[in-house]
1. At pLDDT below 60 and loosely packed, with under 13 Cβ neighbours inside 10 Å: does that describe residue 54?
2. Is it true that some residue in region 118-131 is touching a helix residue (DSSP H, G or I) at 6+ places or on another chain (Cβ under 7 Å), at pLDDT below 90 and surrounded by 11 or more Cβ atoms within 10 Å (Cβ to Cβ)?
3. If you take the residues in region 1-18 that are within 13 Å of the ligand (Cβ to nearest atom), under 18 Å from residue 29 (Cβ atoms) and touching a helix residue (DSSP H, G or I) at 6+ places or on another chain (Cβ under 7 Å), which one is modelled with the lowest pLDDT?
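The values are calculated or read from the model by the stated rules, or taken from the named source; none is laboratory data. All figures in this text were calculated on a predicted structure; none of them were measured in a lab. For neighbour counting, all protein chains shown are included, and Cβ atoms are generated from backbone atoms with ideal geometry for every residue, glycine included.
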Ligand SMILES: [Zn+2]
C-alpha cells in the first residue's frame with residue numbers, strides 16, 4: 001500500500017475510529033508515515049500554545065477569516081499554520097517613473113516588490129480614475145514552503161476596525177487583484193493553506 005494520505009495521517013494523529021485497518025498496518029511498518037504523524041501532533045501542540053499567548057485583535061480577526069477559509073479545504077493540513085513573516089520593501093520604481101510622467105498618464109503604473117525568506121510579493125498599481133487598481137502576485141522562493149492558492153486580505157492602515165476590508169483568494173498561479181482602491185496607507189496579509197503567514201505593513205498607495 002502507498003503512504004497514508006493527509007486525511008489518514010490526521011486520523012492517525014488523533015486516533016479517529018474511522019481509521020482503516022489497512023492503513024493501521026501500513027503505519028506500523030512505515031517510518032516515513034510515523035514521522036509525519038509525529039509532526040502533525042507537534043504542530044497541533046504548537047498551535048495550542050500560540051492560541052493561549054494573547055493574540056492581537058488583528059490576529060483574532062485573522063483566525064476567524066482563516067477558519068472560514070479552511071472549512072472549504074479538503075485537507076486537514078490547512079489547520080497547521082504557525083508563523084507570520086513580515087515582508088520588507090525591496091523595490092519601488094515610482095521615483096524613476098514620476099520623472100517619466102506617471103501622473104500625466106503616459107506611464108501606466110508603478111511596481112512594488114516585497115520580500116521575505118519564504119516568498120516575494122509583487123504589486124503593480126495602476127490608475128483607475130481617482131482610485132487605483134492593484135494587481136498582485138505571490139512568488140514563493142521555495143514552492144514546498146508556501147502552498148498556493150492563498151487568502152489575501154487588504155486593510156486600510158489606522159482604521160477603526162480590525163475586520164478585513166477586502167478579502168480575495170488568489171488564483172492557482174498566485175495572482176490576485178483589488179479594484180477601486182482610494183489613495184492612502186494599507187497593510188496586506190497573506191494566508192496560505194500551509195506555511196507561514198506573510199504580512200506587509202505601510203503600503204503607500206499614491
Ligand atoms: Zn508510509
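1. yes
2. Looking only at region 118-131, we keep the residues that are touching a helix residue (DSSP H, G or I) at 6+ places or on another chain (Cβ under 7 Å), and these are 118.
If we keep only those that are at pLDDT below 90 as well, we get 118.
Next, only the ones that are surrounded by 11 or more Cβ atoms within 10 Å (Cβ to Cβ) stay: 118.
Yes - at least one qualifying residue is present in region 118-131.
3. Within region 1-18, the first condition is being within 13 Å of the ligand (Cβ to nearest atom), and the residues that meet it are 1-6, 8-9, 12.
Next, from what is left, pick out any that are under 18 Å from residue 29 (Cβ atoms): 1-5, 8-9, 12.
From the residues that got through so far, the ones that are touching a helix residue (DSSP H, G or I) at 6+ places or on another chain (Cβ under 7 Å) too are 1, 3-4, 8-9, 12.
Values: 1: 64, 3: 86, 4: 84, 8: 78, 9: 77, 12: 80.
Going through the qualifying residues, I end up with 1.
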